[in-house]
Each structure stands twice: as C-alpha cells, then as structure tokens.
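Note sheet for the following structure.
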Amino acid sequence: MLDLISLVGFFVLGGIGWITYKIYIWPVYITPLRKIPGPSSSESLFFGNIKTLLIQEDAQLNWVQKYGNILKYHGLFNQPALLISDTKIIQDITLNRVYDFIKPPHMMADAIAMAGRGLVFTE
C-alpha cells in the first residue's frame, strides 16, 4: 500500500512541477523571447496579458508606442507571443524567411478554418 501511495505522490508532484515549469519558469526565465521588451507577465499566470487586450481597445497600439515595433506579450497560460508592427520585417518574414518562422499547428488549424486554405497559409 505504501508503494502505491508513493507512486501516486510521485506523479502528483511531477504533474505540479511540470505545470509550474510550463506556466511560470519557461515563459519568464528560459524562453529566447525573454530579453525582448514588452508588458509585464505579472498580470495573471493563466491569462497573461489577454485581460488587457480584451479590456483596452487600443492596448496593442499603446504597447507599440511604449516598447517599439517588436515586442513580447504573454498569451493564455503565460505563453510568450511576439508582436511585430514593422512593415519591412513583416515583409521579410512572409516573403523571404517563411520557413524560419513556422506558424504553430494549433494556430494554423484555426486560421485555415476561419479563412480557408490558400496562399496566405501555405508552408
């Protein structure tokens, strides 16, 4: 019986550790985007800066004016997201370096469902 309790405890603690790593440690301390300026991730560990995006009508415009044309904000579950508003960089990414900046599969599925499979979403 003690072995079963130890095994369950091991999995519970492992799960808590993994969730802590994915939601807090990696997005704040390890991600390669950590040195890019942007709004603080301290608003919420689970919702990141989503609340600000939903409440303020011009949140992204304010961030671009404050932090510049390339900034990092935190999405759902504190996952870092990159916001690029420089047209030359967007042109370079979409035309010349498409395969260096691959879209996440879950975002591709949503984008294709919304706009259909076409030239914009080919990779």
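Let's see how each residue does on (1) surrounded by 15 or more Cβ atoms within 10 Å (Cβ to Cβ); (2) in contact with a strand residue (DSSP E or B) (Cβ under 7 Å, 6 or more places away or on another chain); (3) farther than 17 Å from L71 by Cβ; (4) without any contact (Cβ under 8 Å) to a residue 60 or more places away in the chain:
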site	(1), (2), (3), (4)
G17	no, no, yes, yes
I23	yes, no, yes, yes
P32	no, no, no, yes
S41	yes, yes, no, yes
S44	yes, no, yes, yes
G48	yes, yes, no, yes
T52	yes, no, no, yes
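Look at the range 13-32 and say how many of its residues are among the polar types (S, T, N, Q) and either at pLDDT 90 or above or farther than 16 Å from A81 by Cα (or both). Matching residues across the range 13-32 total 1.
Could you list all residues from the range 54-67 that are outside any helix (DSSP H, G or I) and either loosely packed, with under 12 Cβ neighbours inside 10 Å or of a type in the set (G, A, S) (or both)?
As a first pass, look at the range 54-67 and keep what is outside any helix (DSSP H, G or I): 56-58.
Hits for the range 54-67 are E57, D58.
The lone criterion from (1) among the hydroxyl-bearing types (S, T, Y); (2) under 20 Å from S85 (Cβ atoms); (3) assigned to a helix (DSSP H, G or I) left unmet by S40 is number (3). Taken over the range 77-111, residues that are in a helix (DSSP H, G or I), β-branched (V, I, T) and touching a residue at least 12 places away in the same chain (Cβ under 8 Å) amount to 2.
The values are calculated or read from the model by the stated rules, or taken from the named source; none is laboratory data. Small disclaimer: the values here were computed from a predicted structure and weren't measured. No Cβ is skipped: glycine too gets one built from the backbone with ideal geometry, and neighbour counts run over all protein chains shown.
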